[in-house]
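Take a look at the structure set out below.
The values are calculated or read from the model by the stated rules, or taken from the named source; none is laboratory data. Just so you know, these numbers come straight off a predicted model, no measurement behind them. With ideal geometry, Cβ positions are generated from the backbone for all residues, glycine too; neighbour counts draw on all protein chains shown. Surface areas here come from the heavy atoms of the whole protein model, side chains and all, with no ligands, DNA or RNA. Shrake-Rupley method; radii C 1.70, N 1.55, O 1.52, S 1.80 Å.
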Amino acid sequence: MFDHKFQTLVTVCETGSFTKAAKQLSLTQPAVSNQMKLIENELNIKLFFRDNGNLRLTSEGEIVAKYARRSMGLYEKMNTAILDEKTHSTHISVGITHTAESNRIAEVLARYCEQHHEIKLTLIADSIHNIYDRIKTYDISFAIVDGHLENSSCNSILLDTDALVLAVSNDSPLAGKSLVTIDELKNERMILRLPDSGTSNLFVSRLENLNLSIDDFNIYLQVDNIATIKDLIRGGFGVSVLAQSACMDEVRKGKMTILPIENLSMIRETNIIYPVDFEHIGLLQDIVKIYRRIEGQNRKEGRA
């Protein structure tokens, strides 16, 4: 069964302190120290060294911590599977990037659960980098992410494609244009997603293709939450590069304007990613069918 010394190791890594880990785990500090020493003796390694009084993992410690997190995830997954077998239900955690969260994904998942009462989904929004890490440690079962697959240890299913556009206030001088030029954009106060987001990464990479740098633009504010960015745009505080699908509700209601940027094609994928040992492929296929059916209906009704 799972060796709880590794849970203690992960807690020490998260808290950065034997004392804080002991308090969180309701153990004594000597007990935590002893468990770390047992791991070191069993593996003949040193887990930590101190850097200006702070604990830091050694290279061997990084390896042990990585596999400890995976072991914890597998142990929790086993317990969930046992409970599911007893209750005839299936609990699945779904990761989702913030841009994908602003699309119709939540509605699609809710519709799926309406049709399959035995399925219980937990939706977890996070950055794409963290989502990949959480798939590796089995903290989440699969994920819906904006951007292409970045990890060969996962499989993927293309769900949709989307374009990045410039979102501006209806009162902006740019709102009356059919497109905005790069030079015009350089004169605008810009609000962007955080640097680790798929949206920002795609924007930066397309600029680099034109031998431009993000430093050429007036990025005065970076915000993780898309809804907050759209509120700021509508308030006239700046412009932003966002996924077209994330802006369509405001555009349909006449609350915001979107337009392309000249010479800057920014097409992006939305993918379902899942580990190679994921057992519910039929669930993923059903989600794709529901998503595409809803998208098809919206396009027919002129709401896409």
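Could you list, in sequence order, all residues of region 252-300 that are polar (S, T, N, Q), surrounded by 13 or more Cβ atoms within 10 Å (Cβ to Cβ) and out of contact with any strand residue (DSSP E or B) (no Cβ under 7 Å at 6 or more places or on another chain)? Hit for region 252-300 is 298, nothing else. The number of residues in region 196-217 being exposed (fewer than 14 other Cβ atoms within 10 Å of the Cβ) and not in a helix (DSSP H, G or I) comes to 4. Can you find a residue that is buried (at least 17 other Cβ atoms within 10 Å of the Cβ) and touching a strand residue (DSSP E or B) at 6+ places or on another chain (Cβ under 9 Å) anywhere in region 18-33? Yes - at least one qualifying residue is present in region 18-33. When residues in region 49-72 are screened for being in contact with a Phe, Trp or Tyr (Cβ under 9 Å, 6 or more places away or on another chain) and either of a type outside the set (S, T, N, Q) or not in a helix (DSSP H, G or I) (or both), 12 of them pass.
Within the set 158, 164, the sole residue that is out of contact with any Lys or Arg (no Cβ under 9 Å at 6 or more places or on another chain) and in a strand (DSSP E or B) turns out to be 158.
Based on this model, can you work out whether residue 135 counts as modelled with pLDDT of 85 or more, part of a helix (DSSP H, G or I) and within 16 Å of residue 271 (Cβ to Cβ)? Taking the combined requirement at face value, the residue satisfies it.
Scanning region 31-68 for residues that are in contact (Cβ under 8 Å) with a residue 24 or more places away in the chain and touching an Asp or Glu at 6+ places or on another chain (Cβ under 6 Å) returns a single hit, 47. Taken together, 189, 193, 234 contain a single residue that is open to solvent by 70 Å² or more (accessible area, probe 1.4 Å), under 30 Å from residue 294 (Cα atoms), touching a residue at least 24 places away in the same chain (Cβ under 8 Å) and of a type in the set (D, E, K, R), which is 234.
Look through 139, 146 and report the one residue that is over 26 Å from residue 13 (Cβ atoms) and surrounded by 15 or more Cβ atoms within 10 Å (Cβ to Cβ). Answer to the check: 146. Exactly one residue out of 258, 226, 267 is under 25 Å from the mean Cα position of the chain (by Cα), among the hydrophobic types (A, V, I, L, M, F, W, C), under 23 Å from residue 160 (Cα atoms) and modelled with pLDDT of 95 or more: that is 258.
Considering 254, 282, the condition of being on the phi > 0 side of the Ramachandran plot and out of contact with any helix residue (DSSP H, G or I) (no Cβ under 7 Å at 6 or more places or on another chain) is satisfied by 254 alone. Being without any contact (Cβ under 8 Å) to a residue 24 or more places away in the chain and open to solvent by 20 Å² or more (accessible area, probe 1.4 Å) holds for only one residue in 249, 224, and it is 249. Within region 75-117, the set of residues being open to solvent by 20 Å² or more (accessible area, probe 1.4 Å), modelled with pLDDT of 75 or more, among the polar types (S, T, N, Q) and not in a strand (DSSP E or B) comprises 79, 80, 115.
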